[in-house]
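Trainee: Before anything else, here's the structure in question.
Values in this text are rule-based calculations from the coordinates and carry no lab data. Since the structure is predicted, the reported quantities are computational estimates derived from the model, not experimental observations. Virtual Cβ from ideal backbone geometry, glycine too; neighbours counted across all protein chains shown.
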């Protein structure tokens, strides 16, 4: 068991990024708020056509468990290449998202005036208190969900595990939908996150750098 952890011990170094991300995100939330001069409101008319649905708070909150569980699984089960690609997709994606928010301060005016007074509604009220409606483009919720899902779909350790992959894909889709049905994000944020992931997917997973080096 000791040798097992020793062989994979270097992987835990990637977790140190959390000590960069959290202060960075927290500072942005304090500095770029709804009163920030030059704040770009990015919601579009189509966002108003999407109904508010408090029940989507369930997959939205499951996002935290989804990401953490995937990180733990990939730590123990992925091979070195798969783990590094997964870790880089998260670190680079979140860093670029926060950088975009610094360069292009953005926010939303989508939150509903009325929230049902039920269990889900109470969680949403708490969420709205903690998480502001600024620094939303591109959606990190959507980006990380895509990064997790496609890493799991590619993981050799999950080869043949159709049910697990299907459940992961369903949860990923529900989380992406939750961001707009809870009025936490605009469709623009979702599209931005998808585009960002596609670009990074090409650089991280598709390009064969060993061939480029030989060339």
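Trainee: At q = 0.23, 0.24, 0.25 Å⁻¹, what is the log10 ratio I(q)/I(0) for region 132-215, with the Debye formula run over Cα points and no solvent?
Mentor: -1.05, -1.10, -1.14
Trainee: Over what distance in Å are the Cα centres of region 28-74 and region 142-215 separated?
Mentor: Between the Cα centres of region 28-74 and region 142-215 lies a distance of 17 Å.
Trainee: If you average the sequence gap of Cα pairs under 8 Å that are 6 or more apart and divide by the length of the chain, what percent do you get for the contact order? The partial results should precede the final answer.
Mentor: Numbers: 229 pairs, mean separation 68.9, N = 215.
Rounded, it is 32 percent for the chain.
Trainee: Continuing with this model, one more query. Hey, can you rank 33-39, 162-168, 78-84 by average C-beta count inside 10 Å, highest first? Display every interim value, and only then the final one.
Mentor: Numbers: 33-39: 10.9, 162-168: 13.1, 78-84: 15.7.
Order by mean packing, descending: 78-84, 162-168, 33-39.
Trainee: Can you tell me the orientation of helix 162-181 relative to the chain, as the angle in degrees between its alpha-carbon axis and the longest Cα principal axis, to the nearest 10?
Mentor: Approximately 30 degrees, to the nearest ten.
Trainee: With axes computed from alpha carbons, what is the tilt in degrees of helix 119-130 against the longest principal axis of the chain, rounded to the nearest 10 within 0 to 90?
Mentor: With both axes taken from Cα atoms, the answer is about 80 degrees.
Trainee: Rounded, prolate or oblate: which one fits region 51-164, using the alpha carbon gyration tensor with axes a ≥ b ≥ c (rounded when a/c is under 1.5, else prolate when a/b beats b/c, else oblate)? Write down the numbers at each step before the final one.
Mentor: On the way: a/c = 3.08, a/b = 1.54, b/c = 2.00.
It is oblate, given that a/c is not under 1.5 and a/b is not larger than b/c.
Trainee: Could you sort the peptides 144-150, 57-63 by per-residue average Cβ neighbour count (10 Å cutoff), highest mean leading? Could you put the intermediate results ahead of the total?
Mentor: Numbers: 144-150: 24.3, 57-63: 19.0.
Going from most to least packed, we get 144-150, 57-63.
Trainee: Output the peptides 180-193, 88-101 sorted from most to least packed, where packing is the average of other Cβ atoms within 10 Å over each peptide's residues. Could you put the intermediate results ahead of the total?
Mentor: Numbers: 180-193: 22.7, 88-101: 18.3.
Ranked by mean Cβ neighbours within 10 Å, highest first: 180-193, 88-101.
Trainee: Quick check: from the Cα gyration tensor, does region 166-215 come out rounded (a/c under 1.5), prolate or oblate? Intermediate values should be presented prior to the final figure.
Mentor: Values: a/c = 6.86, a/b = 2.27, b/c = 3.01.
Judged from the Cα gyration tensor, region 166-215 comes out oblate (a/c at least 1.5, b/c at or above a/b).
Trainee: Additional query: Relative to the first principal axis of the alpha-carbon coordinates of the chain, what is the inclination of helix 187-201, with its axis defined by its Cα atoms, in degrees from 0 to 90 and to the nearest 10?
Mentor: 10 degrees
Trainee: Turning to a different aspect of this structure: Below 8 Å, C-alpha to C-alpha, sequence gap of six or more: please give me the relative contact order for region 140-215 in percent.
Mentor: Values: 37 pairs, mean separation 29.6, N = 76.
Relative contact order for region 140-215 comes out at 39 percent.
Trainee: Is the C-alpha gyration tensor of the chain telling us rounded, prolate or oblate? Criteria: a/c under 1.5 is rounded; beyond that, a/b larger than b/c is prolate, otherwise oblate. Walk me through the numbers before you get to the answer.
Mentor: On the way: a/c = 1.88, a/b = 1.56, b/c = 1.21.
It is prolate, given that a/c is not under 1.5 and a/b is the larger ratio.
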